[in-house]
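*Asks:* Here it is, the structure, as structure tokens.
The values are calculated or read from the model by the stated rules, or taken from the named source; none is laboratory data. These figures come from a predicted structure and were not determined experimentally. Cβ placement follows ideal geometry from the backbone for every residue including glycine, while neighbour counts extend to all protein chains displayed.
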2 protein chains.
Amino acid sequence: MPAATKAKPRPRPQRRAPRSRIPKPYHHGDLRRALIDAGFRLVEERGVERLSMREAARRAGVSPGAPFRHFESREALMTAVALEAQRRFRAEIEAALQESASGDPLARLRAFGVAYLRWAMRNPAHFEIISSGKLFDYDKSADLVRDNAEVVGMFEGTLMEAAAQGQLRPADLKQVQIAGRALVYGFARMNIDGHFPRWGVAAHDAEATAEAVVDVFINGIAKRPRKA
Amino acid sequence: MPAATKAKPRPRPQRRAPRSRIPKPYHHGDLRRALIDAGFRLVEERGVERLSMREAARRAGVSPGAPFRHFESREALMTAVALEAQRRFRAEIEAALQESASGDPLARLRAFGVAYLRWAMRNPAHFEIISSGKLFDYDKSADLVRDNAEVVGMFEGTLMEAAAQGQLRPADLKQVQIAGRALVYGFARMNIDGHFPRWGVAAHDAEATAEAVVDVFINGIAKRPRKA
DNA sequence: ACCTGAACACCGTTCAAGT
DNA sequence: ACCTGAACACCGTTCAAGT
């Protein structure tokens with residue numbers, strides 16, 4: 001009955017009956033970590049909705065019930081995977097902001113948007129898990145909330161600097177902020193949701209179009225447009 | 001064994017052994033339609049991912065296998081429900097465009113965006129099913145593709161009119177179009193994905209904020225802004 | 001022609017039992 | 001303390017059998 005799925009490669013024959021037969025403890029040390037890694041790859045390979053506890057368990061080489069010792073539900077594993085993705089996302093944004101730190105606020109805002117979309121274009125499934133809302137209870141993960149708040153804060157701060165330096169046309173800043181967020185978020189989701197073909201955006205054009213779209217927005221709020 | 005789930009209210013007693021005992025044929029006439037209706041409500045009540053064939057069958061009062069006589073898969077039922085939603089969505093957009101037909105192109109563009117978001121705010125689950133991409137194979141439904149192409153066409157046409165009448169600042173129209181699409185789509189998805197609380201948009205403010213965001217965009221592309 | 005009901009292969013989740 | 005393996009209630013889907 002125990003399905004011998006994997007035909008484990010027998011360890012090299014040893015000279016005598018081994019006292020401790022290659023520890024192979026209960027498993028390879030850190031099941032929690034192994035499950036997050038398996039989940040992360042599962043999301044990457046098959047998409048968010050195909051992350052399953054049983055498959056993650058299979059990949060980690062444990063029985064179906066084992067993950068529940070470390071994650072109380074599929075949602076909890078999802079949250080852990082999302083946190084992992086969010087960390088990488090945020091690291092990329094921060095790197096981009098640092099590179100453009102010498103520029104004026106509007107240039108930094110542009111760099112922000114471009115970095116955001118670049119990551120989203122290259123990691124669609126991970127972007128999806130971060131932002132999808134139904135996959136786990138966002139507010140239950142303090143780390144996730146804080147991490148996100150910081151990204152939002154960076155955006156808000158840069159926008160306010162641009163306003164303070166007189167780079168923007170008169171407008172309600174809060175509304176501009178939400179519009180900007182909606183723009184990049186919408187672009188990222190159009191990619192995830194497969195809308196680009198219908199809108200004449202080829203796959204290899206996605207990143208270039210992303211930049212163009214960010215420019216449309218920046219030019220829309222700037223007092224003096226840069227490119228025509 | 002046959003779970004008597006519903007305790008069918010016995011029909012009023014008849015005088016003699018009825019020749020045709022209240023037809024109650026195989027079921028109530030049109031299972032296909034009943035399943036689409038059940039699916040539509042299921043999406044409304046519980047969200048897209050909770051639409052199940054078995055539950056739709058239960059609501060229609062048939063056995064688990066019955067739906068497969070009319071829809072070859074869950075995806076096919078999804079597609080039918082999406083088509084229903086798309087029809088309503090398109091009707092609302094068209095009505096809005098008709099009401100604003102006397103205005104200039106930019107005013108019509110605004111009406112378009114506002115109608116789009118209004119519907120999306122009020123019918124989030126149905127908006128989601130139309131646009132989500134992974135729920136069914138969009139391109140397999142010619143109706144869906146055509147219906148969507150027409151909405152896209154209305155947007156494009158209005159934008160070009162605005163350009164032709166000199167209402168727009170110089171810009172690449174295709175990019176403006178994609179940016180506009182991304183903006184409304186992103187706003188609609190932020191609502192679906194539960195981002196508004198994190199962005200300080202209260203539920204009762206969603207529609208007003210939607211208008212404001214559309215205005216930010218229109219003002220961004222217009223030669224002469226209307227409101228500050 | 002249309003539907004039933006049992007069946008199969010999957011899931012998430014629980015829990016006694018093993019090490 | 002951590003994991004196994006059987007169990008339960010769900011799914012989507014198929015298919016013989018009934019009407």
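*Asks:* Only one of B:ALA57, B:ALA76, B:ALA85 is hydrophobic (A, V, I, L, M, F, W, C) and more than 24 Å from B:ASN123 (Cβ to Cβ). Can you tell me which?
*Replies:* B:ALA57
*Asks:* Criterion first (within 10 Å of another protein chain (Cβ to nearest Cβ), buried (at least 22 other Cβ atoms within 10 Å of the Cβ) and either among the charged types (D, E, K, R) or within 30 Å of B:VAL145 (Cβ to Cβ) (or both)) does A:ALA120 satisfy it?
*Replies:* So A:ALA120 fails the test.
*Asks:* While we're looking at this one, here's another question. Here is a check on your reading of the model: is A:GLY186 at the interface with chain B (Cβ under 7 Å from one of its Cβ atoms), without any contact (Cβ under 8 Å) to a residue 24 or more places away in the chain and part of a loop (DSSP other than H, G, I, E, B)?
*Replies:* Answer is no for this residue.
*Asks:* Follow-up question, since we're still on this one. Given (1) modelled with pLDDT under 95; (2) under 23 Å from the mean Cα position of the chain (by Cα), where does A:PHE112 come up short, assuming only one miss?
*Replies:* Against the list (1) modelled with pLDDT under 95; (2) under 23 Å from the mean Cα position of the chain (by Cα), A:PHE112 comes up short only on (1).
*Asks:* Using the structure shown, decide if B:GLU150 is buried (at least 23 other Cβ atoms within 10 Å of the Cβ), within 23 Å of B:THR79 (Cα to Cα), more than 7 Å from chain A (Cβ to nearest Cβ) and acidic (Asp, Glu).
*Replies:* no
*Asks:* The conditions are (1) within 14 Å of another protein chain (Cβ to nearest Cβ); (2) within 16 Å of DNA strand C (Cβ to nearest atom); (3) loosely packed, with under 15 Cβ neighbours inside 10 Å, and A:LEU135 fails exactly one of them. Which is it?
*Replies:* The number of the failed condition is (3).
*Asks:* In the stretch A:195-213, what count of residues is obtained for those that are more than 12 Å from A:MET121 (Cβ to Cβ) and at pLDDT 95 or above?
*Replies:* Looking only at that region, the number is 3.
*Asks:* Still on this model: Looking at A:PHE136, is it touching a residue at least 40 places away in the same chain (Cβ under 8 Å), of a type in the set (Phe, Trp, Tyr) and in a helix (DSSP H, G or I)?
*Replies:* For A:PHE136, the condition - touching a residue at least 40 places away in the same chain (Cβ under 8 Å), of a type in the set (Phe, Trp, Tyr) and in a helix (DSSP H, G or I) - is not met.
*Asks:* Can you pull out the helices (runs of 4 or more DSSP H) entirely within the stretch B:28-108 that have at least 1 residues that are within 14 Å of chain A (Cβ to nearest Cβ) and within 11 Å of DNA strand D (Cβ to nearest atom)?
*Replies:* In the stretch B:28-108, B:31-46, B:74-99 are the helices (runs of 4 or more DSSP H) which contain 1 or more residues that are within 14 Å of chain A (Cβ to nearest Cβ) and within 11 Å of DNA strand D (Cβ to nearest atom).
*Asks:* Working carefully through the options B:ARG69, B:ARG10, find the one that is modelled with pLDDT under 95 and either surrounded by fewer than 12 Cβ atoms within 10 Å (Cβ to Cβ) or within 21 Å of A:GLU49 (Cβ to Cβ) (or both).
*Replies:* On inspection, the qualifying residue turns out to be B:ARG10.
*Asks:* For residues that are within 8 Å of chain A (Cβ to nearest Cβ) and either of a type in the set (A, V, I, L, M, F, W, C) or not in a helix (DSSP H, G or I) (or both), tally how many sit in the stretch B:158-183.
*Replies:* 9
*Asks:* Here's something else I'd like to know. Cβ contacts < 7 Å: first residue in contact (Cβ under 8 Å) with a residue 12 or more places away in the chain and surrounded by fewer than 24 Cβ atoms within 10 Å (Cβ to Cβ), restricted to the stretch B:207-228; second residue acidic (Asp, Glu) and part of a helix (DSSP H, G or I), any location; separation 6+ or different chain. Result?
*Replies:* Every condition considered, the pairs that remain are B:LYS227/B:ASP215.
*Asks:* Please tell me if A:ARG46 is of a type in the set (D, E, K, R) and free of Cβ contacts under 8 Å to residues at least 12 places away in the same chain.
*Replies:* yes
*Asks:* Determine which single condition A:ALA101 fails, assuming it passes every other condition in (1) more than 23 Å from the chain's Cα centre (by Cα); (2) at pLDDT 95 or above; (3) closer than 30 Å to A:ILE178 by Cα.
*Replies:* (2)
*Asks:* Let me ask something additional. With the structure loaded, tell me whether A:THR158 is β-branched (Val, Ile, Thr) and within 28 Å of B:GLU49 (Cα to Cα) or whether it fails that test.
*Replies:* Considered against the rule, which asks whether it is β-branched (Val, Ile, Thr) and within 28 Å of B:GLU49 (Cα to Cα), A:THR158 comes out as no.
*Asks:* How many of the residues in the stretch A:170-180 are in contact (Cβ under 8 Å) with a residue 12 or more places away in the chain and buried (at least 17 other Cβ atoms within 10 Å of the Cβ)?
*Replies:* So the answer is 5.
*Asks:* B:PHE89 - would you say it is among the aromatic types (Phe, Trp, Tyr), within 13 Å of DNA strand C (Cβ to nearest atom) and under 26 Å from B:ARG146 (Cα atoms)?
*Replies:* When the stated conditions are applied, B:PHE89 does not pass them.
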